[in-house]
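Working notes for the structure below.
The values are calculated or read from the model by the stated rules, or taken from the named source; none is laboratory data. The structure presented is a predicted model; accordingly, all values stated were derived computationally and were not measured. Positions of Cβ are backbone-derived with ideal geometry, glycine not excepted, and every protein chain shown enters the neighbour counts.
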Amino acid sequence: MALSQRPPAARDQLGGLARGLAVIEAFGATRQRASITDIAAATGSSRAAARRCLLTLVSLGYAETDGRHFTLTPRVLRLGGAWLASAELPGLIQPQLEAVREATGESCSAAILDGPDVVYIARAAARRIMSVTLAVGSRLPAHCTALGRALLSTLPPRALEQHIAALTPEALTSHTRTTRAAIRDAVAAARAQGYALVDEELELGLRSVAVPVRDGRGRCVAAMNIGVQASRADEAALQNRLLPALLQAAAALRHSIPG
C-alpha cells in the first residue's frame, strides 16, 4: 500500500531532526571532511546550530572530529540499511536483475528517483572492469543517465516540469545534454519509446539502456538498466540484444510487485 506523499503540517515537524539530517547530507564525495563553517554554509544554518548538530552526531557515534574537522562514521550506514531491511522492493527486483545478467552477461541495476539524482537500490554485477563504480546506495544525476530518463518519463507533466526547472545540469562529457529543452526532448523520446538510451553522456565509453518498472496498478516504482562499454555494443546492440531482456524482466515484475 502506497503511503501519502503529502508533507505534514509544519507544527507536526521536528526542526532539530531536520537540521541533523541536513548536516549528514552535506557530506559526500566532494566533502568528506568539513569544518563547522563548511557545514553552516552548506546547510544555510548558523555556525552555532551547525556546531550543535555536529557535536550531537559525534556523541551518538555518527561522526567523529579531530577538533577542527568532522567526518562521518560507518554508523551512518545504519540509516540506509534500515530502509533496505524494511523495504520490499529491492528483494522483489533482485532475482530479475540476476536473470537479466545471466541472459545477457551484462551488469543490471535498479534505481529510484530522489530529487535530481537516481539512487541504486539493487544490482547484479557482471565480472567486468568499468571505471564507474556502482553499488547499492550510489547516486548519479538523473538528467544524463538512462535510469533517470526512464524514471522521469513516467512523471506527470507538472511534476516533470518542476523537476526540470530545478535542475542545474552539469556537462559530464562532451555529449551530455545540459539545456532544459534537450533534456525535455530526451525524456519525451523515452516516454514515446518505452525505454531510455544514453550514449556517453554520463561517461565517455559508456552506453546504457533502461526501462521503467511498474507495479500491479501500472505505477512506476523504479527503473532497471544495463550499462556496457561502448566498444562492445553500439546502440543497435543495446536495442536488439539487451533491451528485450529488460522488457521481459519488467513485465515479470509488474505481476509480482503489488499495487
### Summary
Of V100, V76, V58, the only residue that is farther than 30 Å from A233 by Cβ, assigned to a helix (DSSP H, G or I) and at pLDDT 90 or above is V58
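Please work out which residue is surrounded by the most Cβ atoms within 10 Å (Cβ to Cβ), limiting yourself to segment 245-259 and to residues that are part of a helix (DSSP H, G or I) and in contact with a helix residue (DSSP H, G or I) (Cβ under 9 Å, 6 or more places away or on another chain).
As a first pass, look at segment 245-259 and keep what is part of a helix (DSSP H, G or I): 245-256.
Still in the running and in contact with a helix residue (DSSP H, G or I) (Cβ under 9 Å, 6 or more places away or on another chain): 245-246, 248-250, 252-253, 256.
Values: A245: 22, L246: 26, Q248: 15, A249: 23, A250: 23, A252: 13, L253: 23, S256: 12.
This residue is L246.
Within segment 227-241, does at least one residue satisfy the condition of being at pLDDT 95 or above and either more than 20 Å from A125 (Cβ to Cβ) or surrounded by 14 or more Cβ atoms within 10 Å (Cβ to Cβ) (or both)? Talk me through it step by step, then tell me what you get.
Applying the first criterion (at pLDDT 95 or above) to segment 227-241 yields none.
No: segment 227-241 contains no residue that is at pLDDT 95 or above and either more than 20 Å from A125 (Cβ to Cβ) or surrounded by 14 or more Cβ atoms within 10 Å (Cβ to Cβ) (or both).
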